[in-house]
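For reference, the structure is listed below as C-alpha coordinates.
The values are calculated or read from the model by the stated rules, or taken from the named source; none is laboratory data. These figures come from a predicted structure and were not determined experimentally. When we count neighbours, we look across all protein chains shown, and the Cβ atoms used for this are built from the backbone with ideal geometry, even at glycine. Areas reflect the complete protein model, heavy atoms only, side chains present, ligands, DNA and RNA absent. Shrake-Rupley method; radii C 1.70, N 1.55, O 1.52, S 1.80 Å.
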Amino acid sequence: MTKLNIKSYCIIGCLCVCIALGACKKYETVPLYTIEDDLTWDRLDSLGTLAAWFLNDVYTYLPTGFNRVNGDYLDAATDDAMPSGNNTTVQYFTNGRINVLNNPDAVWGNSYYGIRRANIYLKNVDKVPNTALKTYGKAEARFLRVMFYFELLKRYGGVPLIGDTVFTLNDNLELPRNSFEQCVNYIVSECDDIKNKLRVESAISDGDWGHAPRGAAIALKARVLLYAASPLMNGGGVESNATLKALTGYPSYDASRWQKALDAANELIALNYYALYSSFGTMFTTKKNTEVILAKQRANGYDVETTNAPMGYQSTGATSYGYTSPTQELVDAFPMLNGLGINETGSGYNASDPYANRDPRLGFTVFYNNYLWLNRNVQTFEGGVDKPGGNAVQTKTGYYLRKAMYDFSKNQTYTNQSHNFIIFRYAEILLNKAEALNELNDVEGAVTVIGLLRKRAGITAGTDSRYGIKAGISQADMRTLIQNERRIELAFEEHRFWDVRRWKIANTVLNGTVHGMKITKNPVGGALTYQRVDAGTLSFVPQKMYHMPIPYSEISKNTSLLQNEGW
(Lines give C-alpha, C1' and ligand atoms only; values in the text may rest on other atoms or scores of the structure.)
Protein backbone atom coordinates (compact mmCIF):
# COMPACT_ATOMS: atom_id res chain seq x y z
CA MET A 1 0.00 0.00 0.00
CA THR A 2 1.42 3.45 -0.91
CA LYS A 3 1.92 6.26 1.59
CA LEU A 4 -0.79 8.24 -0.21
CA ASN A 5 -3.31 5.41 0.19
CA ILE A 6 -2.41 5.01 3.86
CA LYS A 7 -3.00 8.73 4.39
CA SER A 8 -6.35 8.53 2.58
CA TYR A 9 -7.55 5.62 4.70
CA CYS A 10 -6.52 7.47 7.87
CA ILE A 11 -8.49 10.57 6.85
CA ILE A 12 -11.55 8.48 6.00
CA GLY A 13 -11.24 6.65 9.31
CA CYS A 14 -11.12 9.89 11.25
CA LEU A 15 -14.18 11.21 9.41
CA CYS A 16 -16.10 8.05 10.25
CA VAL A 17 -15.26 8.45 13.92
CA CYS A 18 -16.44 12.08 13.79
CA ILE A 19 -19.74 11.08 12.20
CA ALA A 20 -20.26 8.35 14.76
CA LEU A 21 -19.72 10.87 17.57
CA GLY A 22 -22.12 13.32 16.00
CA ALA A 23 -19.71 16.07 15.04
CA CYS A 24 -16.03 17.05 15.05
CA LYS A 25 -15.50 20.04 17.34
CA LYS A 26 -12.88 22.51 16.16
CA TYR A 27 -11.90 23.81 19.59
CA GLU A 28 -10.08 22.36 22.57
CA THR A 29 -12.20 21.14 25.44
CA VAL A 30 -9.16 21.22 27.75
CA PRO A 31 -5.84 23.02 27.39
CA LEU A 32 -3.11 21.05 25.63
CA TYR A 33 -0.77 21.49 28.59
CA THR A 34 -3.31 19.64 30.79
CA ILE A 35 -3.29 16.71 28.39
CA GLU A 36 0.50 16.79 28.51
CA ASP A 37 0.46 16.75 32.30
CA ASP A 38 -1.97 13.82 32.34
CA LEU A 39 0.41 11.85 30.15
CA THR A 40 3.53 12.85 32.07
CA TRP A 41 2.12 12.07 35.51
CA ASP A 42 0.27 8.90 34.49
CA ARG A 43 -0.88 6.83 37.48
CA LEU A 44 -0.85 3.73 35.27
CA ASP A 45 2.71 4.23 34.03
CA SER A 46 4.53 1.77 36.29
CA LEU A 47 7.93 2.77 34.90
CA GLY A 48 7.26 6.50 35.05
CA THR A 49 8.89 6.92 31.65
CA LEU A 50 7.59 10.40 30.85
CA ALA A 51 8.18 11.58 34.41
CA ALA A 52 11.80 10.45 34.11
CA TRP A 53 12.09 12.35 30.83
CA PHE A 54 10.69 15.42 32.59
CA LEU A 55 13.40 15.19 35.25
CA ASN A 56 16.07 14.75 32.56
CA ASP A 57 14.80 17.95 30.97
CA VAL A 58 15.39 19.89 34.21
CA TYR A 59 19.08 18.99 33.91
CA THR A 60 19.26 20.82 30.57
CA TYR A 61 18.99 24.16 32.41
CA LEU A 62 22.42 23.67 33.96
CA PRO A 63 25.11 25.88 32.37
CA THR A 64 26.68 24.35 29.27
CA GLY A 65 30.17 25.80 29.74
CA PHE A 66 31.92 25.44 26.40
CA ASN A 67 31.74 28.65 24.31
CA ARG A 68 28.33 29.33 25.81
CA VAL A 69 28.43 33.14 25.77
CA ASN A 70 27.40 33.70 22.17
CA GLY A 71 30.28 31.54 20.94
CA ASP A 72 32.87 32.54 23.55
CA TYR A 73 34.00 31.20 26.91
CA LEU A 74 33.06 33.23 29.97
CA ASP A 75 36.81 33.14 30.71
CA ALA A 76 37.29 35.44 27.70
CA ALA A 77 35.85 38.14 29.98
CA THR A 78 38.79 37.77 32.39
CA ASP A 79 42.55 38.23 32.31
CA ASP A 80 42.93 34.59 31.20
CA ALA A 81 41.73 34.99 27.61
CA MET A 82 40.16 37.21 25.00
CA PRO A 83 37.99 36.40 22.01
CA SER A 84 39.85 36.01 18.73
CA GLY A 85 37.01 37.77 16.94
CA ASN A 86 36.16 41.45 17.12
CA ASN A 87 33.15 43.10 18.77
CA THR A 88 31.90 39.96 20.49
CA THR A 89 29.32 40.24 23.25
CA VAL A 90 31.51 38.65 25.93
CA GLN A 91 33.67 41.79 25.69
CA TYR A 92 30.81 43.79 27.22
CA PHE A 93 32.21 42.65 30.58
CA THR A 94 35.60 44.19 29.83
CA ASN A 95 34.74 47.29 27.79
CA GLY A 96 31.98 48.77 29.96
CA ARG A 97 29.06 48.04 27.63
CA ILE A 98 27.24 45.72 30.02
CA ASN A 99 24.00 47.18 31.40
CA VAL A 100 20.51 46.18 32.57
CA LEU A 101 19.40 45.65 28.96
CA ASN A 102 22.60 44.17 27.60
CA ASN A 103 24.10 41.34 29.65
CA PRO A 104 25.48 38.36 27.68
CA ASP A 105 25.34 36.19 30.81
CA ALA A 106 21.89 37.09 32.12
CA VAL A 107 20.64 33.76 33.50
CA TRP A 108 17.73 35.09 35.56
CA GLY A 109 14.99 33.73 33.31
CA ASN A 110 16.72 30.41 32.60
CA SER A 111 17.36 29.76 36.29
CA TYR A 112 13.85 30.56 37.43
CA TYR A 113 12.41 28.47 34.62
CA GLY A 114 14.57 25.58 35.84
CA ILE A 115 13.33 26.20 39.40
CA ARG A 116 9.75 26.14 38.15
CA ARG A 117 10.30 22.87 36.27
CA ALA A 118 11.82 21.32 39.39
CA ASN A 119 8.81 22.44 41.45
CA ILE A 120 6.39 21.00 38.89
CA TYR A 121 8.20 17.67 39.19
CA LEU A 122 8.04 17.76 42.98
CA LYS A 123 4.35 18.64 42.94
CA ASN A 124 3.31 15.85 40.58
CA VAL A 125 5.73 12.91 40.77
CA ASP A 126 3.85 11.22 43.63
CA LYS A 127 1.11 10.39 41.12
CA VAL A 128 3.50 8.04 39.30
CA PRO A 129 3.84 4.48 40.69
CA ASN A 130 7.64 4.35 40.19
CA THR A 131 9.06 4.40 43.72
CA ALA A 132 12.56 5.42 42.66
CA LEU A 133 11.30 8.60 41.04
CA LYS A 134 9.63 9.53 44.33
CA THR A 135 12.84 9.06 46.34
CA TYR A 136 16.05 9.87 44.50
CA GLY A 137 14.12 11.69 41.76
CA LYS A 138 12.73 14.17 44.28
CA ALA A 139 16.18 14.63 45.78
CA GLU A 140 17.63 15.32 42.33
CA ALA A 141 14.94 17.90 41.57
CA ARG A 142 15.68 19.66 44.86
CA PHE A 143 19.40 19.56 44.12
CA LEU A 144 18.85 21.10 40.69
CA ARG A 145 16.64 23.75 42.24
CA VAL A 146 19.37 24.92 44.62
CA MET A 147 21.94 24.72 41.81
CA PHE A 148 19.83 27.25 39.92
CA TYR A 149 19.59 29.40 43.04
CA PHE A 150 23.37 29.34 43.33
CA GLU A 151 23.72 30.41 39.69
CA LEU A 152 21.55 33.39 40.61
CA LEU A 153 23.27 34.04 43.95
CA LYS A 154 26.80 34.29 42.56
CA ARG A 155 25.67 36.78 39.92
CA TYR A 156 23.10 38.94 41.68
CA GLY A 157 23.32 38.21 45.39
CA GLY A 158 20.09 37.41 47.24
CA VAL A 159 17.06 36.64 45.08
CA PRO A 160 13.42 35.77 45.80
CA LEU A 161 13.11 32.29 47.31
CA ILE A 162 9.84 30.70 46.23
CA GLY A 163 9.96 27.34 48.00
CA ASP A 164 7.79 24.67 46.39
CA THR A 165 5.35 27.12 44.83
CA VAL A 166 4.30 26.68 41.22
CA PHE A 167 2.92 30.10 40.41
CA THR A 168 -0.13 30.78 38.28
CA LEU A 169 -1.17 34.00 36.60
CA ASN A 170 -3.51 34.69 39.51
CA ASP A 171 -0.71 34.71 42.10
CA ASN A 172 1.10 37.75 43.40
CA LEU A 173 4.41 37.69 41.54
CA GLU A 174 5.84 40.88 43.05
CA LEU A 175 8.22 39.19 45.46
CA PRO A 176 11.11 40.97 47.22
CA ARG A 177 14.65 39.68 47.25
CA ASN A 178 15.73 37.48 50.14
CA SER A 179 18.99 38.42 51.81
CA PHE A 180 22.30 36.82 50.86
CA GLU A 181 22.38 35.05 54.22
CA GLN A 182 18.88 33.64 53.77
CA CYS A 183 19.77 32.29 50.32
CA VAL A 184 23.00 30.70 51.59
CA ASN A 185 21.17 29.11 54.52
CA TYR A 186 18.46 27.76 52.22
CA ILE A 187 20.92 26.21 49.75
CA VAL A 188 23.03 24.66 52.52
CA SER A 189 20.02 23.28 54.41
CA GLU A 190 18.62 21.74 51.23
CA CYS A 191 21.99 20.16 50.43
CA ASP A 192 22.19 18.70 53.94
CA ASP A 193 18.66 17.32 53.74
CA ILE A 194 18.99 15.68 50.32
CA LYS A 195 22.59 14.39 50.37
CA ASN A 196 21.58 11.04 51.86
CA LYS A 197 18.50 10.81 49.66
CA LEU A 198 20.50 11.04 46.47
CA ARG A 199 22.01 7.85 45.11
CA VAL A 200 25.49 6.84 46.22
CA GLU A 201 27.96 7.05 43.36
CA SER A 202 28.40 3.30 42.92
CA ALA A 203 24.65 2.83 42.55
CA ILE A 204 24.38 5.03 39.43
CA SER A 205 24.46 2.94 36.28
CA ASP A 206 26.19 4.02 33.10
CA GLY A 207 22.79 4.79 31.61
CA ASP A 208 22.07 7.27 34.40
CA TRP A 209 25.56 8.81 34.49
CA GLY A 210 25.18 12.56 34.82
CA HIS A 211 22.42 12.38 37.42
CA ALA A 212 23.39 14.03 40.69
CA PRO A 213 24.91 11.66 43.27
CA ARG A 214 25.22 12.43 46.98
CA GLY A 215 28.65 14.00 46.33
CA ALA A 216 27.10 16.69 44.14
CA ALA A 217 25.04 18.04 47.04
CA ILE A 218 28.11 18.16 49.28
CA ALA A 219 30.22 19.75 46.53
CA LEU A 220 27.59 22.45 46.00
CA LYS A 221 27.47 23.13 49.74
CA ALA A 222 31.26 23.37 49.81
CA ARG A 223 31.32 25.89 46.96
CA VAL A 224 28.52 28.00 48.44
CA LEU A 225 30.22 28.14 51.84
CA LEU A 226 33.58 28.98 50.23
CA TYR A 227 31.98 31.91 48.40
CA ALA A 228 30.20 32.99 51.58
CA ALA A 229 33.51 33.06 53.49
CA SER A 230 35.33 35.02 50.78
CA PRO A 231 36.34 38.70 51.13
CA LEU A 232 33.63 40.19 48.92
CA MET A 233 30.72 38.43 50.65
CA ASN A 234 32.18 38.08 54.15
CA GLY A 235 31.63 41.66 55.26
CA GLY A 236 33.55 43.21 52.37
CA GLY A 237 30.72 44.37 50.14
CA VAL A 238 31.32 47.50 48.06
CA GLU A 239 27.80 48.89 48.47
CA SER A 240 27.25 52.23 50.17
CA ASN A 241 23.65 51.29 50.96
CA ALA A 242 23.33 48.93 53.96
CA THR A 243 20.20 47.26 52.58
CA LEU A 244 21.89 46.45 49.27
CA LYS A 245 25.00 45.27 51.09
CA ALA A 246 22.91 42.71 53.00
CA LEU A 247 21.42 41.52 49.72
CA THR A 248 24.81 40.75 48.19
CA GLY A 249 26.76 39.48 51.21
CA TYR A 250 27.08 39.43 54.98
CA PRO A 251 27.19 42.91 56.55
CA SER A 252 30.17 42.00 58.77
CA TYR A 253 33.12 39.62 58.75
CA ASP A 254 33.08 36.30 60.60
CA ALA A 255 36.18 34.08 60.53
CA SER A 256 34.10 31.02 61.45
CA ARG A 257 32.72 30.99 57.92
CA TRP A 258 36.09 29.65 56.76
CA GLN A 259 35.70 26.75 59.18
CA LYS A 260 32.31 25.92 57.66
CA ALA A 261 33.88 25.93 54.19
CA LEU A 262 36.66 23.62 55.44
CA ASP A 263 34.17 21.26 57.11
CA ALA A 264 32.18 20.93 53.88
CA ALA A 265 35.30 20.15 51.85
CA ASN A 266 36.37 17.54 54.40
CA GLU A 267 32.89 16.02 54.35
CA LEU A 268 33.20 15.23 50.66
CA ILE A 269 36.77 13.94 51.04
CA ALA A 270 35.55 11.66 53.86
CA LEU A 271 33.24 9.82 51.44
CA ASN A 272 36.42 8.01 50.31
CA TYR A 273 35.00 7.65 46.82
CA TYR A 274 36.46 10.57 44.88
CA ALA A 275 40.13 10.90 43.98
CA LEU A 276 42.37 12.79 41.58
CA TYR A 277 42.37 11.08 38.19
CA SER A 278 45.76 9.77 37.15
CA SER A 279 46.05 12.05 34.10
CA PHE A 280 45.13 15.74 34.14
CA GLY A 281 44.97 15.79 30.34
CA THR A 282 42.71 12.80 29.67
CA MET A 283 40.36 13.39 32.61
CA PHE A 284 38.27 15.85 30.58
CA THR A 285 37.59 13.37 27.77
CA THR A 286 37.07 10.32 30.00
CA LYS A 287 33.33 10.29 30.48
CA LYS A 288 33.25 8.44 33.79
CA ASN A 289 36.03 8.71 36.35
CA THR A 290 36.32 9.20 40.09
CA GLU A 291 37.45 12.83 39.88
CA VAL A 292 34.23 13.96 38.21
CA ILE A 293 31.49 14.67 40.74
CA LEU A 294 28.97 16.13 38.30
CA ALA A 295 29.20 17.03 34.62
CA LYS A 296 26.74 18.44 32.10
CA GLN A 297 26.08 15.58 29.71
CA ARG A 298 26.40 16.07 25.97
CA ALA A 299 26.68 13.85 22.93
CA ASN A 300 30.13 12.77 21.80
CA GLY A 301 31.58 15.02 19.14
CA TYR A 302 34.50 17.27 18.28
CA ASP A 303 32.95 20.73 18.38
CA VAL A 304 35.27 21.83 21.20
CA GLU A 305 38.19 21.18 18.86
CA THR A 306 36.70 22.76 15.74
CA THR A 307 35.60 25.84 17.65
CA ASN A 308 38.84 26.53 19.48
CA ALA A 309 41.84 24.73 17.93
CA PRO A 310 44.22 26.83 15.79
CA MET A 311 42.53 28.31 12.74
CA GLY A 312 45.15 27.05 10.27
CA TYR A 313 43.76 23.50 10.35
CA GLN A 314 41.33 23.67 7.47
CA SER A 315 41.59 20.22 5.86
CA THR A 316 38.59 17.95 5.45
CA GLY A 317 37.45 16.57 8.79
CA ALA A 318 39.72 18.87 10.80
CA THR A 319 38.47 22.40 10.21
CA SER A 320 39.15 24.67 13.18
CA TYR A 321 38.22 28.28 13.90
CA GLY A 322 40.37 29.33 16.85
CA TYR A 323 37.77 31.49 18.61
CA THR A 324 39.65 31.75 21.94
CA SER A 325 42.99 33.49 22.56
CA PRO A 326 44.55 32.76 25.99
CA THR A 327 46.61 35.64 27.37
CA GLN A 328 50.28 35.85 28.23
CA GLU A 329 49.17 36.48 31.83
CA LEU A 330 47.66 32.99 31.97
CA VAL A 331 50.68 31.38 30.30
CA ASP A 332 53.04 33.13 32.73
CA ALA A 333 50.97 31.82 35.66
CA PHE A 334 52.10 28.24 34.99
CA PRO A 335 55.25 27.44 36.96
CA MET A 336 58.24 25.47 35.79
CA LEU A 337 58.50 21.70 36.07
CA ASN A 338 60.24 22.18 39.43
CA GLY A 339 57.25 24.13 40.76
CA LEU A 340 58.98 27.51 40.85
CA GLY A 341 57.40 30.52 39.18
CA ILE A 342 59.09 31.68 36.00
CA ASN A 343 60.44 34.77 37.78
CA GLU A 344 61.74 32.94 40.84
CA THR A 345 65.45 32.42 41.34
CA GLY A 346 66.44 28.92 40.31
CA SER A 347 63.38 28.26 38.17
CA GLY A 348 65.41 27.60 35.02
CA TYR A 349 63.08 29.67 32.83
CA ASN A 350 64.57 30.54 29.45
CA ALA A 351 62.96 33.50 27.67
CA SER A 352 64.40 32.25 24.37
CA ASP A 353 62.65 28.88 24.83
CA PRO A 354 59.70 29.90 27.01
CA TYR A 355 57.63 26.70 26.85
CA ALA A 356 60.37 24.24 27.76
CA ASN A 357 60.33 22.47 31.14
CA ARG A 358 57.04 24.01 32.20
CA ASP A 359 54.23 22.64 34.36
CA PRO A 360 52.69 19.92 32.13
CA ARG A 361 49.25 21.47 32.66
CA LEU A 362 50.32 24.31 30.36
CA GLY A 363 50.42 21.95 27.39
CA PHE A 364 46.99 20.59 28.24
CA THR A 365 45.53 24.11 28.51
CA VAL A 366 47.10 26.20 25.74
CA PHE A 367 48.32 25.74 22.17
CA TYR A 368 51.64 27.52 21.71
CA ASN A 369 54.05 27.73 18.80
CA ASN A 370 55.47 24.38 17.64
CA TYR A 371 52.83 22.34 19.51
CA LEU A 372 52.12 19.07 17.65
CA TRP A 373 48.51 18.86 16.49
CA LEU A 374 46.96 16.80 13.68
CA ASN A 375 50.41 15.70 12.59
CA ARG A 376 51.85 19.15 12.08
CA ASN A 377 53.36 21.75 14.36
CA VAL A 378 51.32 24.80 15.32
CA GLN A 379 52.64 27.99 13.71
CA THR A 380 51.75 31.09 15.71
CA PHE A 381 54.79 33.07 14.61
CA GLU A 382 54.06 36.13 12.48
CA GLY A 383 52.95 34.94 9.05
CA GLY A 384 52.62 31.33 10.19
CA VAL A 385 49.76 29.12 9.07
CA ASP A 386 47.91 29.74 12.35
CA LYS A 387 48.66 33.46 12.47
CA PRO A 388 48.70 34.56 8.84
CA GLY A 389 47.64 38.18 9.39
CA GLY A 390 44.91 39.87 7.39
CA ASN A 391 41.22 39.87 8.25
CA ALA A 392 40.75 36.22 9.15
CA VAL A 393 39.74 35.42 12.74
CA GLN A 394 42.97 34.31 14.39
CA THR A 395 44.83 34.47 17.68
CA LYS A 396 45.38 37.92 19.13
CA THR A 397 47.89 36.68 21.67
CA GLY A 398 49.97 34.01 19.95
CA TYR A 399 48.03 31.25 21.74
CA TYR A 400 44.92 29.14 21.24
CA LEU A 401 42.79 27.20 23.72
CA ARG A 402 43.68 23.50 24.20
CA LYS A 403 41.77 22.67 27.43
CA ALA A 404 39.30 19.74 27.43
CA MET A 405 40.27 18.48 23.97
CA TYR A 406 41.04 14.90 23.06
CA ASP A 407 44.66 14.20 22.09
CA PHE A 408 44.57 14.56 18.32
CA SER A 409 48.29 15.30 18.05
CA LYS A 410 49.01 12.37 15.72
CA ASN A 411 45.62 12.11 14.00
CA GLN A 412 44.77 13.33 10.52
CA THR A 413 41.14 14.22 11.34
CA TYR A 414 38.89 14.71 14.34
CA THR A 415 36.71 11.88 15.63
CA ASN A 416 33.77 11.87 18.03
CA GLN A 417 34.93 11.98 21.64
CA SER A 418 33.42 12.68 25.07
CA HIS A 419 33.36 16.36 26.06
CA ASN A 420 31.09 16.62 29.06
CA PHE A 421 31.43 20.00 30.78
CA ILE A 422 32.53 19.40 34.36
CA ILE A 423 30.54 21.30 36.98
CA PHE A 424 32.19 19.83 40.09
CA ARG A 425 35.38 17.80 40.36
CA TYR A 426 37.56 16.60 43.20
CA ALA A 427 40.44 18.97 42.42
CA GLU A 428 38.18 21.92 43.19
CA ILE A 429 37.34 20.42 46.58
CA LEU A 430 41.06 20.15 47.38
CA LEU A 431 41.57 23.76 46.33
CA ASN A 432 38.63 24.79 48.51
CA LYS A 433 40.22 22.96 51.42
CA ALA A 434 43.63 24.53 50.88
CA GLU A 435 42.13 28.02 50.73
CA ALA A 436 40.11 27.52 53.91
CA LEU A 437 43.08 26.00 55.76
CA ASN A 438 45.29 28.93 54.86
CA GLU A 439 42.68 31.49 55.96
CA LEU A 440 42.45 29.59 59.25
CA ASN A 441 46.24 30.00 59.64
CA ASP A 442 47.07 26.35 58.91
CA VAL A 443 49.55 27.31 56.19
CA GLU A 444 51.46 24.01 56.21
CA GLY A 445 48.21 22.08 55.95
CA ALA A 446 47.44 24.07 52.81
CA VAL A 447 50.93 23.32 51.46
CA THR A 448 50.28 19.58 51.81
CA VAL A 449 46.99 19.81 49.91
CA ILE A 450 48.46 21.85 47.05
CA GLY A 451 51.26 19.29 46.87
CA LEU A 452 48.67 16.65 45.91
CA LEU A 453 47.57 18.67 42.91
CA ARG A 454 51.11 19.46 41.83
CA LYS A 455 52.14 15.81 42.14
CA ARG A 456 49.27 14.73 39.86
CA ALA A 457 50.19 17.48 37.41
CA GLY A 458 53.70 16.04 37.05
CA ILE A 459 55.66 18.71 38.91
CA THR A 460 58.77 17.26 40.56
CA ALA A 461 58.72 16.90 44.34
CA GLY A 462 62.21 18.27 44.97
CA THR A 463 64.55 17.16 47.73
CA ASP A 464 62.22 18.67 50.34
CA SER A 465 59.06 17.13 48.80
CA ARG A 466 57.37 20.55 48.72
CA TYR A 467 56.78 20.66 44.94
CA GLY A 468 58.39 24.06 44.57
CA ILE A 469 56.67 25.71 47.55
CA LYS A 470 59.31 27.44 49.65
CA ALA A 471 59.81 26.47 53.26
CA GLY A 472 58.44 28.92 55.80
CA ILE A 473 56.04 30.49 53.31
CA SER A 474 53.86 33.20 54.87
CA GLN A 475 50.07 33.13 54.93
CA ALA A 476 49.92 36.08 52.50
CA ASP A 477 52.31 34.45 50.02
CA MET A 478 50.47 31.14 50.33
CA ARG A 479 47.21 32.92 49.61
CA THR A 480 48.69 34.26 46.38
CA LEU A 481 50.03 30.81 45.49
CA ILE A 482 46.66 29.13 46.13
CA GLN A 483 44.90 31.71 43.99
CA ASN A 484 47.39 31.06 41.21
CA GLU A 485 47.06 27.29 41.58
CA ARG A 486 43.31 27.60 41.29
CA ARG A 487 43.75 29.77 38.22
CA ILE A 488 45.83 27.22 36.31
CA GLU A 489 44.15 24.03 37.56
CA LEU A 490 40.61 25.25 36.84
CA ALA A 491 41.29 27.42 33.77
CA PHE A 492 38.35 27.62 31.33
CA GLU A 493 36.02 25.81 33.75
CA GLU A 494 34.11 29.02 34.65
CA HIS A 495 35.90 29.74 37.92
CA ARG A 496 38.23 32.67 37.22
CA PHE A 497 35.39 35.10 36.40
CA TRP A 498 33.83 34.50 39.83
CA ASP A 499 37.04 33.93 41.81
CA VAL A 500 38.53 37.35 41.10
CA ARG A 501 35.25 38.88 42.23
CA ARG A 502 34.85 36.91 45.47
CA TRP A 503 38.54 37.56 46.28
CA LYS A 504 37.82 41.23 45.65
CA ILE A 505 40.82 41.60 43.31
CA ALA A 506 38.88 42.17 40.09
CA ASN A 507 39.44 45.92 40.28
CA THR A 508 43.17 45.16 40.02
CA VAL A 509 43.46 42.22 37.62
CA LEU A 510 40.60 43.26 35.32
CA ASN A 511 41.80 46.84 34.86
CA GLY A 512 44.62 47.57 32.45
CA THR A 513 46.43 45.82 29.62
CA VAL A 514 46.57 42.11 28.85
CA HIS A 515 49.39 40.76 26.74
CA GLY A 516 50.35 38.26 24.11
CA MET A 517 53.53 36.89 22.58
CA LYS A 518 54.76 38.15 19.22
CA ILE A 519 57.01 35.54 17.65
CA THR A 520 59.19 36.48 14.72
CA LYS A 521 60.88 33.84 12.58
CA ASN A 522 64.19 34.75 10.97
CA PRO A 523 63.97 33.87 7.26
CA VAL A 524 67.61 32.85 7.39
CA GLY A 525 68.05 29.83 9.62
CA GLY A 526 64.54 29.99 11.10
CA ALA A 527 65.55 31.22 14.56
CA LEU A 528 62.65 32.54 16.63
CA THR A 529 62.56 35.70 18.71
CA TYR A 530 59.90 36.29 21.38
CA GLN A 531 58.48 39.68 22.32
CA ARG A 532 55.78 40.34 24.92
CA VAL A 533 53.25 42.74 23.37
CA ASP A 534 50.00 44.47 24.31
CA ALA A 535 46.97 42.49 23.16
CA GLY A 536 43.98 44.29 24.69
CA THR A 537 42.62 46.48 27.45
CA LEU A 538 40.32 45.50 30.32
CA SER A 539 38.05 47.85 32.23
CA PHE A 540 36.33 47.09 35.53
CA VAL A 541 34.24 49.49 37.60
CA PRO A 542 34.31 48.22 41.20
CA GLN A 543 31.36 50.35 42.32
CA LYS A 544 29.01 48.17 40.30
CA MET A 545 30.69 45.30 38.44
CA TYR A 546 31.28 43.01 41.41
CA HIS A 547 27.65 42.00 40.97
CA MET A 548 25.55 41.65 37.83
CA PRO A 549 22.58 43.89 37.04
CA ILE A 550 19.16 42.36 37.50
CA PRO A 551 17.54 42.45 34.03
CA TYR A 552 15.42 45.53 33.34
CA SER A 553 12.55 43.29 32.25
CA GLU A 554 12.41 41.81 35.76
CA ILE A 555 12.73 45.13 37.59
CA SER A 556 9.97 46.66 35.44
CA LYS A 557 7.60 43.74 36.09
CA ASN A 558 8.34 43.42 39.80
CA THR A 559 8.51 46.74 41.61
CA SER A 560 9.48 44.91 44.84
CA LEU A 561 12.89 43.98 43.41
CA LEU A 562 15.78 46.19 44.43
CA GLN A 563 18.41 46.70 41.73
CA ASN A 564 22.07 46.17 42.60
CA GLU A 565 24.11 49.28 43.26
CA GLY A 566 25.45 51.16 40.27
CA TRP A 567 22.96 49.79 37.78
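The table that follows gives values for the structure above.
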item	result
Over segment 88-162, volume per residue of the alpha carbon convex hull, in Å³	105
Contour excess over end-to-end distance, with Cα ends at Glu344 and Ser240 and 0.36 nm allotted per residue	33.4 nm
222 nm mean residue ellipticity, helices alone, for the chain (DSSP H n ≥ 4; -39,500 (n - 2.57); rounded to 500)	-11500 deg cm²/dmol
Trypsin sites (Lys or Arg not before Pro), loop per DSSP, at most 11 other Cβ atoms within 10 Å - longest free stretch of the chain	44-409
Distant-in-sequence amide H partners of Leu372 (H built 1.01 Å from N, under 5 Å)	Val378
Heavy-atom accessible surface of the chain: percent carbon and sulfur, 1.4 Å	53
Against the rule of thumb 2.2 N^0.38 Å, how large the Cα Rg of the chain comes out	1.07
Estimated distance in nm for a label pair at Val524 and Gln412, the labels positioned 7 Å out from Cα along Cα-to-Cβ	4.0
Rounded, prolate or oblate (a/c below 1.5 giving rounded, otherwise prolate when a/b exceeds b/c) for segment 35-182 by Cα gyration tensor	prolate
Cα-Cα separations in segment 240-330 greater than 20 Å, expressed as whole percent	68
Where only alpha carbons of segment 315-404 are counted, the Rg and the Dmax (Å)	14.0, 47
Extension gain from Glu181 to Asn370, taking 0.36 nm per residue of separation minus the Cα-Cα distance	63.0 nm
For segment 384-442, the fraction of alpha-carbon pairs in successive 10 Å shells from zero, as %	16, 24, 28, 20, 11, 1
Cα-centre dipole for the chain with unit charges at Cβ (Lys and Arg positive, Asp and Glu negative), debye to 20	720
Helix 108-124 vs. the chain, principal-axis angle (Cα, 0 to 90°, nearest 10)	50
Rg to Rh, two decimals, where segment 378-476 supplies the alpha carbon set and Rh follows Kirkwood	1.13
Relative counts (whole %) of C-alpha pair distances in segment 142-250, using bins that are 10 Å wide	14, 39, 29, 15, 3, 0
Calculated from backbone phi, Karplus (6.51, -1.76, 1.60) coupling profile of segment 172-181 in Hz, x at Gly/Pro	6, 9, 8, 9, x, 6, 7, 5, 4, 4
Out-of-range pairs (alpha-carbon distance over 23 Å; input Lys296/Lys410; Lys123/Lys197; Lys134/Lys260; Lys138/Lys557; Lys154/Lys221)	Lys296/Lys410; Lys134/Lys260; Lys138/Lys557
Per residue value of the accessible surface for segment 395-462 (all protein chains in place, 1.4 Å probe), Å²	30
Segment 44-140 - accessible surface per residue (Å², probe 1.4 Å)	39
Calculated over segment 44-94: convex hull of Cα atoms, volume per residue (Å³)	88
Whole-number accessible area per residue in Å² for segment 188-309, which is evaluated in the context of all protein chains at 1.4 Å	37
Leu337 long-range amide H proximity, modeled H, under 5 Å	Arg358, Asp359
